[in-house]
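Before any comments, here is the structure.
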Amino acid sequence: MPQNSEVNQKFGVYKSVCCGSEIVIGAGSIFPDCPNHPRLTTIWKLLPDSENMTDKKKSESEPAA
């Protein structure tokens with residue numbers, strides 16, 4: 001599982017193991033410290049529901065109606 005200061009490989013919603021804080025982070029971004037536990041090692045777990053998401057904007061993936 002990814003930790004703070006590592007580069008994210010997969011866009012999605014991640015939850016911190018320490019306290020359940022959630023973030024949305026794009027591929028290529030650096031995982032942050034947990035907002036509730038700064039300067040400590042934070043392990044981020046990808047939420048299963050976010051695996052089908054993409055990091056494309058809606059305007060890029062679907063035409064407006």
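The values are calculated or read from the model by the stated rules, or taken from the named source; none is laboratory data. What you see is a predicted model; the values in this text were computed from it and never measured. Here the Cβ positions follow ideal geometry from the backbone for every residue, glycine too, while neighbour counts run over all protein chains shown.
Of all residues in the stretch 18-65, count the ones that are outside any loop (DSSP other than H, G, I, E, B), closer than 19 Å to V7 by Cβ and modelled with pLDDT of 95 or more.
Looking only at that region, the number is 8.
Please identify the pairs in which a residue from the stretch 4-15 that is in a loop (DSSP other than H, G, I, E, B) has its Cβ atom under 8 Å from the Cβ atom of a residue that is surrounded by 14 or more Cβ atoms within 10 Å (Cβ to Cβ) and aliphatic (A, V, I, L, M), counting only partners at least 6 apart or on another chain.
Within 8 Å, the pairs are N8/I25; K10/L46; F11/I25.
What pairs can you find where one residue is in the stretch 20-39 and in contact (Cβ under 8 Å) with a residue 24 or more places away in the chain, the other is in a loop (DSSP other than H, G, I, E, B) and of a type in the set (S, T, Y), and their Cβ atoms are less than 6 Å apart, with a gap of 6+ or different chains?
Pairs found: D33/T42; C34/S21; C34/T42.
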